[in-house]
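A.B. asks: The structure under discussion is supplied below as structure tokens; questions concerning it will follow.
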Amino acid sequence: MAVNVQISSFQKRTKVSSTNIVGTKISALNSTLNVSSGINSLDNIMEGGLPLGSLCLIEEDLYGSYAKIMTKYFLAEGAVQKNHLLSASLNENPWDLLNNLPSPVTEPKETNPLIENKEELKIAWRYENLTLEDNNQRTGNAFDLSIPYVIPETQRSNIAVWCGESTNNLQEKKGTLKNPNCLSLLSTVEETIKKWELDSVNSSNLLRITISSFGSPFWQFDENQNSVSTDFTATLLLLKSIVRSANAVAVVTIPHQLLSQALVSRSRKLADVVIQLKSLREDPHLRDLMDVHGILEMKKIMNLTSLKPIQDGTTTYGFKATKRKFKIEKLHLPPAVEDDKSAADNSSSMGCSSGSSKSNLDF
């Protein structure tokens with residue numbers, strides 16, 4: 001006797017298995033793996049952090065002090081997450097930067113004032129224990145700049161530095177690039193990725209790369225403007241391709257005041273994320289903003305899973321750099337009281353002068 005068996009197309013939904021990479025988090029907006037920049041307020045602006053395999057370009061402030069703080073946060077987050085680190089610099093010893101990273105701290109949870117009184121939440125009982133941090137889905141840690149972080153000796157094997165030393169077989173790899181420092185840097189990045197097998201599909205860790213003051217006079221670029229443009233942009237393009245093909249994120253700071261505007265424009269097109277810093281000491285028009293220490297402009301935020309950028313145009317924020325913390329917040333412009341007064345004075349003077357002036361059409 002034949003039995004009719006009906007097979008349903010229903011399948012129980014299971015959790016999709018994905019490679020668990022240390023220090024990453026899947027974005028709820030575009031399903032990309034994001035890496036925290038170390039600054040939680042900056043991660044919220046970038047909607048989760050830097051995408052894995054991206055190139056971030058930071059245009060330094062006048063003295064480069066605030067860009068250096070952001071680099072420290074990025075490396076400190078990687079040290080806490082036990083990621084591989086590569087610090088490259090010609091302006092200073094990279095170990096001086098690594099030995100002065102901020103220390104992780106535990107911030108007290110900030111409760112929502114709207115849900116502070118539990119007696120008023122008889123309807124929304126499920127939100128009683130909700131905090132402000134739960135809404136933002138925090139990706140990184142909190143750090144204290146006044147306390148230096150001591151990197152454990154067992155973790156120092158995961159750190160690599162580059163300060164301009166030459167590598168082997170540079171002459172064989174010499175092609176479009178003429179600057180030996182750029183050749184040495186790219187060779188070091190490739191060797192570091194192969195050493196820790198970060199270009200493998202089964203790799204469970206990532207590499208955080210920082211290049212400080214790229215394009216400064218210490219890099220000894222040729223005086224010929226065409227040569228500088230070729231080496232500078234080609235290095236960024238090759239670095240971007242290396243980072244794309246491995247579990248890595250690169251943060252490059254450039255002294256844009258020393259570079260031509262055309263070169264800076266090309267660099268912005270090559271990078272995935274572009275951040276410009278401007279301190280209040282640079283522009284006298286910004287000295288009225290006494291509640292912040294500088295201006296942060298998001299020039300570009302690239303969405304790697306779409307052709308459309310996440311953010312079009314420029315968004316301006318203010319940042320505060322205290323002894324313990326670096327925080328980015330929305331910029332609140334002060335009221336232009338003096339401008340209103342001057343406009344009123346000008347209008348009144350024009351009104352008085354118009355009555356006394358003589359004209360050919362005087363009736």
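The values are calculated or read from the model by the stated rules, or taken from the named source; none is laboratory data. Since the structure is predicted, the reported quantities are computational estimates derived from the model, not experimental observations. We place every Cβ from the backbone using ideal geometry, glycine too, and count neighbours over all the protein chains shown. Surface accessibility is based on the protein's heavy atoms, side chains included, excluding ligands, DNA and RNA. Shrake-Rupley method; radii C 1.70, N 1.55, O 1.52, S 1.80 Å.
Table: residues versus (1) modelled with pLDDT under 85; (2) open to solvent by 20 Å² or more (accessible area, probe 1.4 Å); (3) farther than 21 Å from residue 211 by Cβ.
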residue: 255; (1), (2), (3): no, no, no
residue: 267; (1), (2), (3): no, no, no
residue: 277; (1), (2), (3): no, no, no
residue: 286; (1), (2), (3): yes, yes, yes
residue: 294; (1), (2), (3): no, no, yes
residue: 301; (1), (2), (3): no, no, no
residue: 305; (1), (2), (3): yes, yes, yes
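A.B. asks: For region 131-234, please list each of the strands (runs of 3 or more DSSP E) lying entirely inside it that holds at least 1 residues being modelled with pLDDT of 85 or more, surrounded by 13 or more Cβ atoms within 10 Å (Cβ to Cβ) and of a type in the set (Lys, Arg).
C.D. replies: So the answer is 207-212.
A.B. asks: Do we find that residue 92 is in a loop (DSSP other than H, G, I, E, B), over 30 Å from residue 182 (Cβ atoms) and charged (D, E, K, R) in this structure?
C.D. replies: no
A.B. asks: Between residues in region 63-92 that are under 17 Å from residue 198 (Cα atoms) and residues that are open to solvent by less than 10 Å² (accessible area, probe 1.4 Å) and of a type in the set (Asp, Glu), which pairs lie under 9 Å by C-beta distance while being six or more apart or on different chains?
C.D. replies: 83/77
A.B. asks: For region 235-262, name all the residues that are touching a Pro at 6+ places or on another chain (Cβ under 9 Å) and in a strand (DSSP E or B).
C.D. replies: Passing the criteria: only 249.
A.B. asks: Pairs please, first residue from region 18-45 and under 23 Å from residue 297 (Cα atoms) and free of Cβ contacts under 8 Å to residues at least 40 places away in the same chain, second anywhere and outside any loop (DSSP other than H, G, I, E, B) and open to solvent by 30 Å² or more (accessible area, probe 1.4 Å), Cβ atoms under 9 Å, 6+ apart in sequence or on different chains.
C.D. replies: The qualifying pairs are 27/33.
A.B. asks: If you scan region 28-45, which residues turn out to be open to solvent by less than 40 Å² (accessible area, probe 1.4 Å) and in a helix (DSSP H, G or I)?
C.D. replies: Scanning region 28-45 gives 40, 41, 42, 43, 45.
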